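Below is one structure, written out as C-alpha cells; comments come after it.
The values are calculated or read from the model by the stated rules, or taken from the named source; none is laboratory data. Owing to the predicted nature of the structure, the values given are computational and were not obtained by experimental measurement. Just the protein is used for accessible areas: all its heavy atoms, side chains included, with ligands, DNA and RNA removed. Shrake-Rupley method; radii C 1.70, N 1.55, O 1.52, S 1.80 Å.
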Amino acid sequence: MTLTSVETTEAALLELRGARLIESATTDRELAAAQALVDEKTILSHRSVHGALGLLDLPSEATVRWEGLMGRVYTLGLDREERVFLGLTLSMLGIGNTPLSAVSDLGERRLAIILRAITRLAGNDNLAVGQRTGSPQFPLPVRSAVHR
C-alpha cells in the first residue's frame with residue numbers, strides 16, 4: 001500500500017500531536033492518560049478531539065484541557081467503544097464517572113492499552129500485559145457478553 005502525501009502529512013501531524021500531549025503531562029495521571037490516547041491512535045486522530053484538547057493549532061507548548069473532553073464526549077463523533085475507552089482514560093485523571101466494569105465493552109486491543117495505562121498509573125512497569133502462553137491453572141468459565 002502506498003501512502004499519499006495527505007496521508008503522510010496526517011500521520012506526521014498525529015505523531016506531533018501525540019508528542020505534544022505527552023510533553024504537556026505534569027502528573028503521573030496525565031502521563032498515563034496521554035500515553036493511552038497516543039497508543040490507541042484512532043481517538044486522537046479525530047479533529048474534534050484535537051480541538052477539545054487544545055491541540056488543533058499545534059502550539060509549540062501545549063496546555064491540554066482534559067476537562068474539555070468529558071463535557072463533549074457525545075459530540076466528538078466517537079463510536080461507543082471509543083467513548084468507553086475515553087471515559088476510562090479520563091477517569092484516571094479523576095474526570096467523569098466511568099466505572100471500571102466498562103472494560104467489558106472494550107475489544108482486546110483497547111483493553112490491553114487500558115491495562116498498560118493502569119499499571120503505569122500504579123507505578124509498575126514490570127507487569128506484562130498480553131496473551132498468556134499455555135492454559136491457566138484454573139480456567140475461567142466462558143460467558144457470553146450481554147450487550148444492552
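Contact order for segment 58-113, expressed relative to its length and based on alpha carbon pairs under 8 Å spaced 6+ residues apart, stands at 29 percent. Structural size metrics of segment 30-103, computed from C-alpha coordinates, are Rg and Dmax of 11.5, 37 Å. In the context of the full set of protein chains, residues of segment 1-130 present 57 Å² of accessible surface per residue (probe radius 1.4 Å, heavy atoms only). A simple rule links phi to the HN-Hα coupling: the Karplus curve 6.51 cos²θ - 1.76 cosθ + 1.60 with θ = phi - 60°, which for segment 45-52 gives 7, 6, 4, 5, 6, 4, x, 5 Hz, with x for Gly and Pro.
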